[in-house]
Ligand SMILES: [Zn+2]
């Protein structure tokens, strides 16, 4: 086999796509031709570099900028706040019909977490938390109360403002 | 097992913002690099990264969960890049020729090049390949992506994709071999 023939089929050879007989011919050539061997090595390194390059991170500032822009869109444009799982403190205040000041005052108690540098509350966690607080205060929560809370109705102030 | 892309989109549409941030984390490198090498321009790739994810967030309610989120995402990226390239070509026709993003690097002969230099050499070689090969090779580099999926993104038959990728890889191999003449 000539070098040109081998080199033309080198990618197929490396990927194991050749007939066994053809692959053996190429192996025999490679055993005695340093030039073609070097090209096969270079192919492996080129493939490795491609994999590394496809996974390179964008610059950190760019990632931060996009995250900031995303937070704006996700919070202000959609989906409808009434159905959102992740709530801002303002939304929690609106949802519980409690002044935002009260929410901020009792923030240490609320099941909050941080998302891209902002304080957020998960709706399901909030509902669990309300239920726990109700239990702690009145033993067990009346079903009508829970229904009222879940439907976004008025919540007794003591649930959020009261401590222990 | 990781949560599927479709499941994350569903959670996001139902109000879970964190699910969308997870999608962003999963695909920001792929989107950025695909745009970067399609355009040969890392700065405009940052704009594409932002535009794409904002547009995906806005159009999420209309997304059809058919298990092809990644293809859908990359087709959005590609269309944006093609529009920019089209505008460039129109502008360039009236002005001067383009300048490659990655300058040629010099390596001293008789010395094995280091990994960083090899990356630079591959970047440079890639930037000189035709657009078709560049875009296919970046997707190929993302190693969980099948030929079938790449064909779906690039909108060409699978055999065409294989040929483009084979030729591109061979071209890159020759280019880095030239930079490291006496590597083992
Ligand atoms: Zn040979």
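The values are calculated or read from the model by the stated rules, or taken from the named source; none is laboratory data. Just so you know, these numbers come straight off a predicted model, no measurement behind them. With ideal geometry, Cβ positions are generated from the backbone for all residues, glycine too; neighbour counts draw on all protein chains shown.
Condition first: within 16 Å of the ligand (Cβ to nearest atom), surrounded by fewer than 18 Cβ atoms within 10 Å (Cβ to Cβ) and at negative phi. Can you find one or more residues in segment A:44-53 that meet it? No. Here residue A:64 meets each of (1) at the interface with chain B (Cβ under 10 Å from one of its Cβ atoms); (2) surrounded by fewer than 16 Cβ atoms within 10 Å (Cβ to Cβ) with one exception, condition (1). If only residues of segment A:1-21 that are part of a helix (DSSP H, G or I) and loosely packed, with under 15 Cβ neighbours inside 10 Å are counted, the one that is farthest from the ligand (Cβ to nearest atom) is A:20. Just so you know, in segment A:22-43 the residues that are within 7 Å of another protein chain (Cβ to nearest Cβ) and within 10 Å of the ligand (Cβ to nearest atom) include one that is surrounded by the fewest Cβ atoms within 10 Å (Cβ to Cβ), and it is A:38. Residues that are closer than 21 Å to residue B:134 by Cα, in a helix (DSSP H, G or I) and within 21 Å of the chain's Cα centre (by Cα) within segment A:26-62 comprise just one, A:54.
Among the residues of segment B:129-184, the one identified as at pLDDT below 95, out of contact with any helix residue (DSSP H, G or I) (no Cβ under 8 Å at 6 or more places or on another chain) and assigned to a helix (DSSP H, G or I) is B:178.
Is at least one residue of segment A:20-30 out of contact with any helix residue (DSSP H, G or I) (no Cβ under 7 Å at 6 or more places or on another chain) and farther than 30 Å from residue B:140 by Cα? Among the residues of segment A:20-30, not one is out of contact with any helix residue (DSSP H, G or I) (no Cβ under 7 Å at 6 or more places or on another chain) and farther than 30 Å from residue B:140 by Cα, which makes the answer no.
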